[in-house]
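Okay, structure first, notes after.
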Amino acid sequence: MLIAPSILSADFGHLARDVQAICEGGCDFVHVDVMDGHFVPNLTIGPVVVDAVAKAATKPLDIHLMVENNSFFVDLFAPLKPEYISFHIEAEKHPHRLIQKIRSLEIRPAIVLNPHTPSEAIEFLIEDLDMVLLMSVNPGFGGQKFIPSVLERAVRLKDIIVKRNPKCLIQVDGGVSDKNVHMLAEAGVDVVVAGSYVYKHPEGVAKAIASLKKEGKA
């Protein structure tokens, strides 16, 4: 299981320190949640802050756009050369065009599905994607309760991926902990995003990341 801690749960007064902590603690990606206050009722960070995150990080950035004007935000963040940029299918009229744009910028494209959106909605885009992110909470805020139906959605998505693009990863974001990561692994999930669990773990971020890797074995 690959681990992508969300910096949304970090201490923004000591952001560089908290980014370095997860990188040194064994994470695989640094997950960056970008919210515009329109697609979701919250506003987070722009390219100036993410540039500081990129400079502090020794692991690749995984940028999750929760915005309405996806192409505009792709242009903002592309110069930071993240590993992935993911966008919500619910917010994009021309997903295939945007996928091509992201890939042309030498960034891996990914699509995000909200809890109510079926995996079949992107069946004919799978061949062009490097990752699909399934939300296991409603997007916009950290610390929410895990929605169990994501397990069934992951199984369905895995079936589509096996048929159309076996190299495409499945990521899950929201309410992930050592209590449910094993079930996610069994459902075919490759990457988990964990914010509150990692940054609020009583034994520190390294222990939290290690526990997710240990329990996240299918």
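Coordinate-derived values only; no laboratory data. From a predicted model like this one, the values you see are computed outputs, not experimental measurements. Cβ: placed from backbone, ideal geometry, glycine included. Neighbour counts: every protein chain shown.
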* **Where labels lie 7 Å past Cα in the beta-carbon direction, separation of Arg103 and Lys200 in nm** => 3.9 nm
* Only Cα pairs under 8 Å and at least 6 apart count here; give the relative contact order of the chain as a rounded whole percent. => 21 percent
* Structure fact -> For Lys200, the aspartates and glutamates lying under 14 Å Cα to Cα, once residues fewer than eight places off in the same chain are dropped, come out as Asp11, Asp18, Asp178
* Value of [θ]222 nm, deg cm²/dmol, for the chain, DSSP H segments ≥ 4, -39500 (n - 2.57) each, nearest 500 -> -9500 deg cm²/dmol
* So how much slack lies between Gln20 and Glu127, counting 0.36 nm per residue of separation and subtracting their Cα-Cα distance, in nm? -> 35.1 nm
* Candidate aspartates and glutamates for bridging to Lys101, where Cα separation is under 14 Å - those fewer than 8 sequence places away on the same chain excluded -> Asp75, Glu92, Asp128, Asp130
* Structure fact -> In nm, the gap between the two label points placed 7 Å beyond Cα toward Cβ at Leu43 and Lys217 is 4.7 nm
* To do: Only Lys, Arg, Asp and Glu count, each charged at its Cβ (+1, +1, -1, -1), so figure out the dipole size of the chain about its Cα centre, rounded to 20 debye.
  => 320 debye
* **Global form of the range 2-215, assessed from the alpha-carbon gyration tensor, a/c cut-off 1.5** => oblate
* Compute the length gained on full extension between His94 and Phe72: take 0.36 nm times their separation in residues and subtract their Cα-Cα distance, giving the result in nm to one decimal. => 6.6 nm
* Asked: For the range 119-218, what's the radius of gyration and Dmax over Cα atoms, in angstrom?
  -> 13.7, 43
